[in-house]
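Since the structure comes first, as structure tokens, the remarks are kept for the end.
Any read-out appearing in this document is the output of simple, stated calculations on the displayed coordinates, not a laboratory observation. If you're wondering where the values come from, they're calculated on a predicted model, not measured in any experiment. Cβ sites come from the backbone with ideal geometry, for glycine too, and all protein chains shown count toward neighbours.
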Amino acid sequence: MKLCNTTICARREIANFIILLSVLPAFWFVINDDPTHGFSLCGVFGMGINDFDSTLVAAGLASIDVNGKMRHEIEQWKQFVDGHHFCTMDEHSRPQISTQKIPLQHYIDGTPVPNRTKKEKLHVILIGRRQHTTPNKFSLQKSNGKLIQTPPHSNLRRAQQRTFARMMVPMIMEATRENDRLYERVMDENQSKRPRSPLVIPSSKLKGCTTASTENIPKKLKTVVGAKSSYENLKSSTGECGKVSVDVIVQTSNSDNFGTLVNDDLEDSEVAELKKKFPLIMKVANAVGDLDEPFLDDLLQELLVVRQNEGRPSGTYKNRKNN
């Protein structure tokens, strides 16, 4: 397989990091495992799972199938560890690649393995200087009947991890640009992690309310209703490409009691608390009084326009208002 420049550079950096680890006693690390486990290769690289997967894809040691799932290329791993990067190392320090099927959780907990227990296929790599006590298999790397989850310690580990991560950043970015599946996977994961918080315009009593999440704000919003607790949720978050992504609480009941910002049922102390927390909203409420539905619609649209333009009303919006 012909390797591109990004793959060559990524493999070189991974090899350099593995060589740094090879001065320590040998330890089996799992390539395709949860990074929360101490024997995870992702953990020893000092990366999150997304950056780790992107690193392997950039190095051609993993790929992404049509369903967006990671597929570790073990043959490429074997060619990599048997290649020129480690040719100057003695035979007791060269990394080794292996594959095992074990009921991982039972091995972690040190519990008996029942018959017909489902086994997980694990791709493992042995890194470090082998000694007579080094186990020949990952499944034998145990202490008191449980898998060892504490790899050999190095005082320079954190500094080495930071250097490695910085060196990998441009290669990960280039691989993401070149690989459509990796790009889609990264974007999907970033989108799923984006925080979404509700944008609430409070009104009188909270009746028959449901929460709707949308990226395109409708021209005609139904009147938003809420009580004093709704004031605490007056937030918005900026979505992708400058769009405003919000959660809007809309009224689904047929109530005609629209848009009163201050509930008459609130006690004086509660009104004072609202004035202290939200002085601008309360000034609008006191100045205008009862607000109808069109006013609330227009107010929301204006706030969204200002938010989209980072606090500055757009030229189109100002022209429309002047006309």
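For residue 129, the residues whose amide H sits under 5 Å from its own are 24, 26, ignoring neighbours fewer than 5 places away on the same chain, with H placed 1.01 Å from N. Most tightly packed first, judged by the mean number of other beta-carbon atoms within 10 Å of their residues, the peptides 77-83, 115-121 read 77-83, 115-121. Listed values for the range 122-132 are Karplus-derived 3J(HN,Hα) couplings in whole Hz (6.51 cos²θ - 1.76 cosθ + 1.60, θ = phi - 60°), namely 10, 9, 10, 10, 9, 10, x, 8, 6, 10, 5, and x replaces Gly and Pro. Distances between placed amide hydrogens fall under 5 Å for residue 73 paired with 62, 63, all partners being 5 or more residues away or on another chain. For the charge dipole of the range 5-192, defined by +1 on Lys and Arg C-beta atoms and -1 on Asp and Glu C-beta atoms about the Cα centroid, which residue among 133, 105, 85 has the Cα displaced farthest towards the positive pole? The Cα lying farthest towards the positive end belongs to 133.
With a ≥ b ≥ c the root eigenvalues of the C-alpha gyration tensor of the range 104-155, is it rounded (a/c under 1.5), prolate (a/b larger than b/c) or oblate? Display every interim value, and only then the final one.
Working: a/c = 2.18, a/b = 1.85, b/c = 1.18.
Here the range 104-155 falls in the prolate category.
Near the amide H of residue 147, within less than 5 Å, lie the amide hydrogens of 108, 110, all on another chain or at least 5 residues away, with H placed in the peptide plane. Rounded to whole numbers, the Karplus 3J(HN,Hα) couplings from phi for the range 51-61 are 5, 5, 4, 5, 4, 5, 5, 4, 8, x, 9 Hz, using 6.51 cos²θ - 1.76 cosθ + 1.60 with θ = phi - 60°, and x at Gly and Pro.
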